[in-house]
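Notes follow the structure.
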Amino acid sequence: MNSPDEELLPSTRRALLHRIATAQRDGRAPSLVAAVRREGRIVWSGARTGIEGHAPDADTQYRIGSISKTFTAVLVMRLRDEGLIDLDDPLEKHLPGTGVGGVTVFQLLGHSAGLSAEAPSPWWERTPASLRPELSDVLGERPRTHSAGHRFHYSNPGYTLLGSLIEAVRGVSWEEALRREILEPLGMRRTTSGPVAPHADGWAVHPWADVVLSEPAEDLGLMAAAGQLWSTAADLLRFAAFLAEGDDRVLSAASVREMRTPASPAAEVGTTGYGLGLQVAKTDSRLIFGHTGSLPGFVAGLWFSEDDDIAVVALANATSGLPAAYVAAELLTIVADAEPRIPEPWRPLPEVDDELLALTGVWHWGTSTFTLRLTPGRGLVLKPLDGNGRGTAFEARPDGTWTGLSDYYAGETLRVVRKDDGSVDHLDLGSFAFTREPYEAGADVPGGRDPQGWRGLGG
């Protein structure tokens with residue numbers, strides 16, 4: 001495919017090519033494809049191959065393994081947004097008879113349901129789905145290894161259950177729901193359940209010799225929702241753009257932001273948490289979101305940085321050896337560090353509510369000093385003046401209150417408390433009273449104010 005490489009500096013393109021060339025050589029992958037999306041378009045793609053006659057590009061399919069889980073999570077979130085399920089619903093409410101029905105949809109999405117990591121023997125990724133015709137064959141005799149909600153434990157059977165949940169609620173197959181609700185709206189025509197040419201073949205590379213062994217490409221059957229899909233670098237970058245910004249045809253910006261919010265602590269080495277179908281990782285200088293994937297013969301990595309507006313995909317056709325997830329993250333860092341995002345110009349608000357403007361400025365919680373700023377859409381940002389302490393952005397609500405968007409105050413309500421004459425007495429944030437002066441005289445501060453006021457403690 002033609003890629004507008006001129007949009008990246010020659011030095012950046014050279015660094016990207018060098019990184020994938022080194023990765024393909026050192027990882028001894030038969031082939032490697034990578035691509036970068038920035039500010040709404042693919043700005044670079046590259047490939048390296050060691051197979052005669054195989055010239056992959058960003059339109060070549062590779063198997064993406066567990067990146068399929070993110071697609072499944074989007075389908076589940078759509079059910080929630082349509083009011084058909086609640087994330088706190090027990091699985092039993094919608095999919096009875098599994099034997100683990102007490103776990104919640106939320107726990108399954110975030111891998112905190114305590115289910116086993118894998119299906120019972122034989123190894124499900126290299127054997128026919130006909131060996132696991134029922135959910136009981138996927139779950140086995142001991143489906144839970146931990147108490148639900150107590151810890152993160154990655155579970156392929158857990159996402160198998162979510163796929164069956166989607167089918168039970170929608171009344172169509174997981175594949176049909178995926179095609180109709182995600183792939184078609186986003187224009188992902190090269191993402192399919194089975195390989196469609198041009199596609200790469202999956203290989204195992206001998207650890208001590210430069211020879212290869214063909215890997216089977218099994219249909220996963222019931223476990224499709226955990227790792228079935230084939231896709232291309234170009235298609236996955238479309239998906240990454242959706243995960244960063246939302247698309248009302250599929251899922252709102254608020255819902256994809258919810259998917260990016262960690263629901264479980266440290267997931268795996270190199271990650272800091274797991275959201276709802278999305279991994280969260282911290283590099284040296286930025287927070288990135290995405291997912292990794294592997295199946296016999298293939299490894300894949302998809303990462304995006306919301307702040308930098310960059311997404312990267314790396315795909316390779318080797319069972320092991322080449323860490324595609326790390327390569328993708330490194331490519332993102334190369335672009336972001338070499339060519340930092342140019343910020344949008346500052347613009348004044350088109351209009352302002354004088355009553356809202358009057359709320360801005362300095363406020364005190366006890367003796368801690370904060371500033372309150374007005375943002376577009378009647379939003380507010382609360383920050384500690386010295387940079388130490390809790391703060392967050394707030395989203396305006398129709399009832400005249402605001403809801404916190406992150407960290408300690410996520411979901412908490414900020415409201416204005418007024419005196420009988422209509423003037424502002426204080427701001428209430430989750431029961432914390434913010435006043436214009438520290439423990440302001442006459443304000444309705446919990447616990448009252450010492451009538452002696454501020455005083456010294458001289459001898």
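Since every read-out is calculated from the coordinates, none of them should be taken as a lab result. Just so it is clear, the model here is predicted, and its values are computed rather than measured. A quick note on method: Cβ atoms are made from the backbone with ideal geometry, for glycine too, and the neighbour counts reach across all protein chains shown.
Here Cα extents along the principal axes in Å was computed from the coordinates, and among (1) 85, 64, 43; (2) 85, 59, 49; (3) 94, 54, 52 the match is (2).
Is the C-alpha gyration tensor of the range 354-435 telling us rounded, prolate or oblate? Criteria: a/c under 1.5 is rounded; beyond that, a/b larger than b/c is prolate, otherwise oblate. In terms of gyration-tensor shape, rounded.
Residue order for S252, S68, S285, fewest other beta carbons within 10 angstrom first, comes to S285, S252, S68.
Run the numbers for R449 and E141: contour at 0.36 nm per residue of separation, minus the present Cα-Cα distance, in nm.
Values: separation 308, 0.36 × 308 = 110.88 nm, distance 6.29 nm.
Length gained between R449 and E141: 104.6 nm.
Which value at 222 nm does the chain reach when only helices count, each DSSP H run of 4 or more adding -39,500 (n - 2.57), with the total divided by all residues and rounded to the nearest 500 deg cm²/dmol? All intermediate terms of the calculation are to be shown ahead of the outcome.
Working: 12 runs with 110 residues, N = 459.
After summing the helix terms and dividing by the residues of the chain, the value is -7000 deg cm²/dmol.
Only Cα pairs under 8 Å and 6+ residues apart enter the sum, and on that basis the relative contact order of the chain stands at 15 percent.
Which order results if R38, R179 are arranged by neighbouring Cβ count within 10 Å, fewest first?
Numbers: R38 22, R179 17.
So the residues, fewest neighbours to most, are R179, R38.
Backbone phi angles across the range 120-137, fed through the Karplus curve with coefficients 6.51, -1.76 and 1.60 (θ = phi - 60°), yield HN-Hα couplings of x, 4, x, 3, 5, 6, 10, 10, x, 5, 5, 6, 10, x, 10, 4, 4, 6 Hz in residue order; Gly and Pro are listed as x.
Report the full-extension gain for the segment D81 to T127: residue separation times 0.36 nm, less the Cα-Cα distance, to one decimal in nm. If you can, show how the numbers build up before the last one.
Numbers: separation 46, 0.36 × 46 = 16.56 nm, distance 3.59 nm.
Full extension of this stretch gives 13.0 nm more.
The length gained by stretching the chain between S320 and L356 to full extension, at 0.36 nm per residue less their Cα-Cα distance, is 7.3 nm. Spatial offset of the range 24-49 relative to the range 190-234 amounts to 17 Å, using the alpha carbon center of each.
Which FRET efficiency, nearest 0.05, do S285 and E184 yield, Cβ-Cβ r, R0 41 Å? With R0 = 41 Å, the Cβ-Cβ based efficiency is 0.65.
Phi angles across the range 310-321 convert, under the Karplus curve 6.51 cos²θ - 1.76 cosθ + 1.60 with θ = phi - 60°, into 3J(HN,Hα) values of 10, 10, 9, 10, 10, 10, 9, 10, 9, 5, 7, x Hz, Gly and Pro given as x.
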